[in-house]
1. Tell me the net charge near Ala161. Cut-off is 12 Å between Cβ atoms, Ala161 excluded, with +1 for each Lys or Arg and -1 for each Asp or Glu.
2. With no solvent and one point on each alpha carbon, what is the Debye value of log10 I(q)/I(0) for the chain at q = 0.13, 0.15, 0.16, 0.17 Å⁻¹?
3. Which loop chymotrypsin sites (Phe, Trp or Tyr not before Pro) in region 70-129, with loop taken from DSSP, have no more than 15 other Cβ atoms within 10 angstrom of their Cβ?
4. Taking a quarter of the surface of the convex hull around the Cα atoms of region 58-134, what do you get in nm²?
5. Restricting to DSSP loop positions (anything but H, G, I, E, B) with no more than 16 other Cβ atoms inside 10 Å of their own Cβ, which GluC sites (Glu not before Pro) remain in region 86-115?
6. Whole-Hz ³J(HN,Hα) for each residue in region 15-28, computed from phi via Karplus 6.51 cos²θ - 1.76 cosθ + 1.60 with θ = phi - 60°, x for glycine and proline: what do you get?
7. Let me know the charge dipole size of the chain about its Cα centre in debye, to the nearest 20, where only the beta-carbon of Lys, Arg (+1) and Asp, Glu (-1) is charged.
8. Take the Cα of Arg137, step 7 Å along the line toward its Cβ, and report every residue of region 75-110 whose backbone nitrogen sits under 17 Å from that point.
Amino acid sequence: MSSTRAHTLVLAPHPSAPCEAVRAVEARVARSSDGTLTLTYSVEGDVSRMRVPPPRPARRADGLWRHTCFEAFVAPDPGPAYLELNFSPSGEWASYAFRAYREGMAATEDTEAPAIALTRGESGLTVDAAVRLTRLRGDAPARVALAAVLEDAGGGLSYWALEHPPGAPDFHHPCGFALQI
């Protein structure tokens, strides 16, 4: 396995929460042997019909998923433990560790602040994020789930992911960890 290989994937909307303002969401992810995860989320659509958080000082913040936010879930070991990473277009971020599916949530102390950049255009937006995770050092494979929460101008949320489980949107569900890096 090459530790710098990039993957480009298409995220699918959850059928219960469509967003007419968004035509497509694509995610690109790469991992280096020093544990750096580089992510690019590209949203194609009518940005004027979306709510995008305004720029804020880069800082850790909770509840980012309540508005437009991009997420990565990383399981660096074969067991049930995983990390949740949230990247807001505002520059704010969050990182949580879980012992198992939705169990034992705790803010991580070993995650460095990510670099987050937003690029807006008439036909979409792009959020780039790079974060170094000590748990990803080396070449051991990791399972990854990529997701996005997109808020429309009316405050409605749509949920985009590599894979959706049956039922309500659930980015934590094991079926979402569809990429191995």
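1. Numbers: positive: none; negative: Glu71, Glu163, Asp170.
Neighbour charge sum, excluding Ala161 itself: -3.
2. Those come out to -0.60, -0.81, -0.93, -1.07, one per q.
3. Details: sites: Phe70, Phe73, Tyr82, Phe87, Trp93, Tyr96, Phe98, Tyr101; in loops: Tyr101.
Those satisfying the criteria are Tyr101.
4. Working: hull surface 22.2 nm².
One quarter of the hull surface, i.e. the mean projection, equals 5.6 nm².
5. Details: sites: Glu92, Glu103, Glu109, Glu112; in loops: Glu92, Glu109, Glu112.
Within region 86-115, the qualifying GluC sites (Glu not before Pro) (loop, at most 16 other Cβ atoms within 10 Å) are Glu109, Glu112.
6. After applying 6.51 cos²θ - 1.76 cosθ + 1.60, I find x, 7, 9, x, 9, 5, 6, 10, 9, 7, 9, 10, 10, 10 Hz.
7. 200 debye
8. Output list for this probe position: 76-77, 109-110.
No lab work stands behind these numbers, since they all come straight from the coordinates. In this text the structure is predicted, and so the values were computed from the model without any measurement. Methodologically, a virtual Cβ is constructed for each residue, glycine included, from the backbone with ideal geometry; neighbour enumeration extends over all protein chains shown.
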